[in-house]
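Here's the structure we're looking at; comments come further down.
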Amino acid sequence: MTAVISSRLPSKQILTWKKATWEEYEQIRDRYENSDTPRVKLFFHNGLLLIDDMGWEGINHSVVRELFLLMLGFWIARNPQENVNFMGGCLLEKDGEDAASPDLALYVGADRPQWTEGETRKIDLDRWRVPNLVGEISDTTLASDLDQKKNLYADLGVSEYWVIDVRGRQVFFFCLDAQGQYCEVAVSLVLPGLATALLEQALLKLGPMTNMDVALWFQQQIATVES
């Protein structure tokens, strides 16, 4: 049986940002890190905390996230860049200020974060640079991804932010301008030549096609463009 995109509304609760101090965020972070509870995503910005503790990923979210990882891999294989590292799911943290757990995170170039024995598992942004690109798969979180999280990643100085709208089958690219604000663009600057239009075409094929078949279709499309 093949997993496909479902049009049914999920039964999960709606996540909300709540007022909190950095110290309260740290207590929650440490409690989850030192427990056997399901994976959570934490976000903290401007005194507001978001805890995505809904456990495992839903089918829609998982199918689309894996599709984008496959497509990005195919794109980079055809358009090589040095020292590319995917690190989605990691906790990014700027001490006392901001925290985020993006679905997608891409480092391009030198000085990527590396873990050392005995360290915590988070990416310390006072020690390491931010990713070149982050993205959120928006199955039930589109409003927050286009608002609070967008502001959070802009304040962190992430050059490019993607929002993938699962239900609407849309892809949004935002690039940081000279004033530190995100402007919507149609073509990626971190991955030059990659356009939202092609990724949206891929999303529209999900359902009748598996994510692996869609990724192979995407690979054929970029090979045709380059030839």
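Which of the residues spanning segment 72-89 are aliphatic (A, V, I, L, M) and either part of a strand (DSSP E or B) or under 14 Å from the mean Cα position of the chain (by Cα) (or both)? Those that are aliphatic (A, V, I, L, M) and either part of a strand (DSSP E or B) or under 14 Å from the mean Cα position of the chain (by Cα) (or both): 72, 84, 87. Look at segment 21-43: where a residue is among the acidic types (Asp, Glu) and a partner is open to solvent by 90 Å² or more (accessible area, probe 1.4 Å) and modelled with pLDDT under 85, sitting 6+ places away or on another chain with Cβ atoms under 9 Å, you get 33/121. Of the residues making up segment 54-84, those that are within 16 Å of residue 101 (Cα to Cα) and surrounded by fewer than 15 Cβ atoms within 10 Å (Cβ to Cβ) are 55, 56.
Can you tell me which residues in segment 165-219 are within 21 Å of residue 63 (Cβ to Cβ) and among the β-branched types (Val, Ile, Thr)? Those that are within 21 Å of residue 63 (Cβ to Cβ) and among the β-branched types (Val, Ile, Thr): 166, 171, 196, 210, 214. Please specify each residue of segment 76-91 satisfying the condition of being in contact with a Leu (Cβ under 8 Å, 6 or more places away or on another chain) and among the small types (Gly, Ala, Ser). Scanning segment 76-91 gives a single hit, 88.
Note on segment 173-207: residues that are without any contact (Cβ under 8 Å) to a residue 24 or more places away in the chain and either in contact with a strand residue (DSSP E or B) (Cβ under 8 Å, 6 or more places away or on another chain) or over 30 Å from residue 152 (Cβ atoms) (or both) amount to 11.
For the condition within 18 Å of the chain's Cα centre (by Cα), without any contact (Cβ under 8 Å) to a residue 12 or more places away in the chain and within 30 Å of residue 51 (Cα to Cα), what is the one hit in 154, 143?
The conditions single out 143.
Restricting segment 180-227 to residues that are in a loop (DSSP other than H, G, I, E, B) and farther than 17 Å from residue 71 by Cβ leaves a set whose member that is least open to solvent (accessible area, probe 1.4 Å) is 180.
The values are calculated or read from the model by the stated rules, or taken from the named source; none is laboratory data. A quick note: this is a predicted structure, and the numbers were derived from the prediction, not measured. Every residue, glycine as well, gets a Cβ built from its backbone with ideal geometry; the counts of neighbours run over all protein chains shown. The protein model used for the area step is the full one, side chains on, heavy atoms only, and it has no ligands, DNA or RNA in it. Shrake-Rupley method; radii C 1.70, N 1.55, O 1.52, S 1.80 Å.
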